[in-house]
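Taking it in order: structure first as structure tokens, then the write-up.
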Amino acid sequence: MAVPKRRCTSTRRDKRRSHDAIRAFAPSVCSQCKSAKMAHRVCPSCGSYGGEVVIQMED
Ligand SMILES: [Zn+2]
């Protein structure tokens, strides 16, 4: 099995982990119903995406 030649320093480890933080959810506004929705996803309240209704909602 391949084994690392030398341990990585705490600086290298921390630099690698500098991209690991989870960022807060930044909502975008639906163009149809103006409610907050996730970007690049179908609107959960009106079922539209890209200006047209793709899922017919119950009410
Ligand atoms: Zn909507």
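Figures for the structure shown
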quantity	calculated
Test result for Val53, surrounded by 10 or more Cβ atoms within 10 Å (Cβ to Cβ) and either among the hydrophobic types (A, V, I, L, M, F, W, C) or touching a residue at least 12 places away in the same chain (Cβ under 8 Å) (or both)	yes
Residues satisfying the stated conditions in the stretch 8-40, i.e. under 21 Å from the mean Cα position of the chain (by Cα) and within 11 Å of the ligand (Cβ to nearest atom)	Ser28, Val29, Cys30, Ser31, Lys34, Ser35, Ala36, Lys37
The one condition in (1) assigned to a helix (DSSP H, G or I); (2) at pLDDT below 95 that Ser45 fails to fulfil	(1)
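Quick grid of which residues meet (1) out of contact with any strand residue (DSSP E or B) (no Cβ under 6 Å at 6 or more places or on another chain); (2) modelled with pLDDT under 95:
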{"site": "Cys8", "(1), (2)": "yes, yes"}
{"site": "Ser18", "(1), (2)": "yes, no"}
{"site": "Ala21", "(1), (2)": "yes, yes"}
{"site": "Gln32", "(1), (2)": "no, yes"}
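The values are calculated or read from the model by the stated rules, or taken from the named source; none is laboratory data. Note that the coordinates shown come from a computational prediction; the quantities given were computed from them, not determined experimentally. Cβ sites come from the backbone with ideal geometry, for glycine too, and all protein chains shown count toward neighbours.
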